[in-house]
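Q: I'd like to ask you about the structure that follows.
Nothing in this text is a laboratory measurement; each read-out follows from the coordinates by a stated rule. Small disclaimer: the values here were computed from a predicted structure and weren't measured. Counting neighbours? That spans all protein chains shown, and the Cβs are built from the backbone with ideal geometry, glycine included.
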Amino acid sequence: WYQRRVRECLLELIKKERLVLSQIVQISINTTFLQKYSSCMETFVSSKTGCTVSDTTRARDLYGLKMFVKVKEEAKTRIHAKLMEKIDEFFELSRYNWMTTEAREYPSDYMNDLLNYLKNTFKTFTQLEHHVAIGSCEAAGNHISQKLYDIFVDPSITQMTRVALDILDQDVIAYEGFALDSPVAGVSEIKLLIPIQSLRNLINLIKQGEYDKYIAEYQPGQRAKTVNPEVLASILERFLPKDRQRFSFKAFTQNKNEKEMTQLLETVIKKLRSLEHAGNNEGSSTPTLLARKLSRTNLNF
């Protein structure tokens, strides 16, 4: 009976909204020890109350393992939820100026603060069960990657400078460095990097401008493994000159003919949009004229 009472108290406590992440982590650690030594605890309580203990040590151990499973699962869920909430708080501080022309070669303040927070937080996870600590780290990586991707592909962004793209890239590079630094012992670097790969591929393709190669190799059935052409087209449209644009398109063309570059970029965008609905054969056959132009003119920003 006492184990059921302890479990009920722990479940009631762990669901309190006022608890911070460190408190939930500690409850999870304590529950693991209670589960491990449940038979000793039962013997102690029985000696004080006179209640009969389970018939065998094996039975007591199995009963203790079963009793605290629900508490540990709830703790794991709450740890993940609190961690995601904290990450969201940092992203609320992100301020990307997509029209900026002020270059910098370091990550945004919010990204530095977020990654430092995670590094310090994961240090307190050393006594958590290994799968819980690793799962939390991987969940954090997935969440950060998705937040960065969503920021970049936000349809409300209609214009962008190369400098703004570089600034976002610095934040992605900072996360990639964090992932390679093994923030939790035993966590797979690959599992932390895979979620950011879609954004990394998209940024690299825009900066390198190898659209001829992308169009030639694109296969609709492999969409999940590559950059989505519709997304790429939408991003490239941000770099087209507009009447209300307050910066010169020549900054991106590096003294090449602006009109020709604009027409070529529009052609690329049109072709990218056609890939979305094309079959495998059509999607892999790039028009000769476009291929030649792209090979002569590197449309990287």
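Q: Highest mean first, what order results for 259-269, 11-21 on Cβ atoms within 10 Å?
A: Working: 259-269: 16.7, 11-21: 11.9.
The most tightly packed comes first, giving 259-269, 11-21.
Q: If you don't mind, another one. With r as the distance between the Cβ atoms of residue 208 and residue 129 and R0 = 51 Å, compute the FRET efficiency 1/(1 + (r/R0)^6) and round to 0.05. Walk me through the numbers on the way to the answer.
A: Values: r = 43 Å, r/R0 = 0.85.
Efficiency, from the Cβ-Cβ distance: 0.75.
Q: If the reach is capped at under 12 angstrom between alpha carbons, list the aspartates and glutamates near residue 119, excluding any in the same chain fewer than eight residues apart.
A: 181
Q: Could the peptides 93-102, 232-241 be put in order, highest first, of the mean number of other beta-carbon atoms found within 10 Å of their residues?
A: Details: 93-102: 13.2, 232-241: 19.1.
Highest-to-lowest ranking by the protection proxy: 232-241, 93-102.
Q: Net charge within 9 Å of residue 11 by Cβ-Cβ distance, Lys/Arg positive one each and Asp/Glu negative one each, not counting residue 11 itself?
A: Values: positive: 7, 15, 70; negative: 8, 12, 74.
My count for the surroundings of residue 11 gives 0.
Q: Pairs of alpha-carbon atoms within less than 8 angstrom and 6+ residues apart define the contacts here; what relative contact order does the stretch 75-169 have, in percent? Each step should come with its number before you reach the end.
A: On the way: 57 pairs, mean separation 49.4, N = 95.
Here the relative contact order equals 52 percent.
Q: How high is the relative contact order of the stretch 141-207, given as a whole-number percent (alpha carbon pairs under 8 Å, six or more residues apart)? Before the final figure, lay out each step's value.
A: On the way: 28 pairs, mean separation 36.7, N = 67.
It comes to 55 percent, rounded to a whole number.
Q: Packing-wise, with mean Cβ within 10 Å as the measure, how do 137-149, 156-168 rank, highest first? Intermediate results must be reported in sequence, preceding the final value.
A: On the way: 137-149: 19.8, 156-168: 17.5.
With the highest mean Cβ count within 10 Å placed first, the list reads 137-149, 156-168.
Q: Residue 170: net charge of surrounding residues, Cβ under 11 Å, Lys/Arg +1, Asp/Glu -1, itself excluded? Let's see the in-between values first.
A: Numbers: positive: 104; negative: 105, 166, 169, 171, 176.
Neighbourhood net charge equals -4.
Q: Run the simple label-point estimate for residue 154 and residue 139 please: 7 Å along Cα→C-beta, distance reported in nm.
A: Each label point is offset 7 Å from its Cα along the Cβ direction, giving 2.6 nm.
Q: Can you return the aspartates and glutamates within cross-link range of residue 259? Criterion is Cα-Cα under 13 Å, with same-chain partners fewer than 8 residues away left out.
A: none
Q: Here's another thing I want to ask about it. Near residue 192, within a Cβ-to-Cβ distance under 10 Å, what is the net charge of the other residues, with Lys and Arg +1 and Asp and Glu -1? The partial results should precede the final answer.
A: Working: positive: 191; negative: 138, 176, 181, 189.
Taking every other residue near residue 192 into account, the sum is -3.
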